[in-house]
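Take a look at the structure set out below.
The values are calculated or read from the model by the stated rules, or taken from the named source; none is laboratory data. Since the model is a prediction, treat every value here as computed from it, not as a measurement. Heads up, the Cβs are rebuilt from the backbone with ideal geometry, glycines too, and the neighbour counts pull from every protein chain shown. We work out accessible area using only protein heavy atoms, side chains counted, and drop any ligands, DNA or RNA first. Shrake-Rupley method; radii C 1.70, N 1.55, O 1.52, S 1.80 Å.
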Amino acid sequence: MKPPSFIFYTVVIATISVPAATNCRVVLLNKANLIEETCKQTPHQNLCIQYLSSDPRSADADIAGLALIMVNVIKTKANNALDKIQQLLQGSHEHSQKEALNSCAGRYKTILEADVAQAIAALQKGDPKFAEDGANDAAVEATSCENGFSGKSPLTNENNATHDVAVTTGAIVRQLL
């Protein structure tokens with residue numbers, strides 16, 4: 001009688017395992033749909049999907065969690081811009097460019113110390129309006145940096161990247177209002 005009991009246990013285990021596997025797939029599909037639906041409501045849908053899909057924390061995140069992930073992307077972009085500003089300041093001899101770079105350094109420090117900090121604190125407290133303000137202020141700072149150069153800015157890529165991530169973050173946060 002060993003063969004029938006083996007078959008019985010195999011069928012029981014298979015029956016128990018199938019619904020669990022199916023539920024996991026549904027949860028993963030729902031999270032992918034949440035990212036897609038959330039990003040559809042932003043000005044940079046593909047950028048939004050790219051960053052959120054590549055972050056493993058998004059698998060368990062609600063919209064507020066997705067917004068926090070994007071705030072961290074703003075932080076990364078701002079740090080990258082500050083690194084480039086420091087490199088450019090070391091090699092710059094032109095007074096007007098040094099002045100613009102120093103202004104940009106101040107703007108990016110504001111993004112990191114005020115705007116990002118405000119957005120994180122507001123999201124954690126459940127106050128999305130202040131989080132949206134922080135994200136939008138970061139976008140304004142990046143644009144102001146770009147406009148501070150007479151002639152071509154050496155930070156166009158960094159400024160545009162920071163701006164685009166910040167306005168995308170603001171649009172995600174707006175969905176919480």
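General remarks:
- Residue in segment 163-175 that is over 22 Å from residue 34 (Cβ atoms), at pLDDT 95 or above and open to solvent by less than 50 Å² (accessible area, probe 1.4 Å) present: no
- Selection of segment 122-133 for residues being open to solvent by less than 50 Å² (accessible area, probe 1.4 Å) and in contact (Cβ under 8 Å) with a residue 24 or more places away in the chain yields 123, 128, 131, 132.
- Filter pass, residue 158 being of a type in the set (Asp, Glu), touching a Leu at 6+ places or on another chain (Cβ under 8 Å) and closer than 30 Å to residue 61 by Cα: no
- Checking 59, 105, 100, 119 one by one, the residue that is over 21 Å from residue 167 (Cβ atoms), of a type outside the set (Asp, Glu) and surrounded by 22 or more Cβ atoms within 10 Å (Cβ to Cβ) is 100 and no other.
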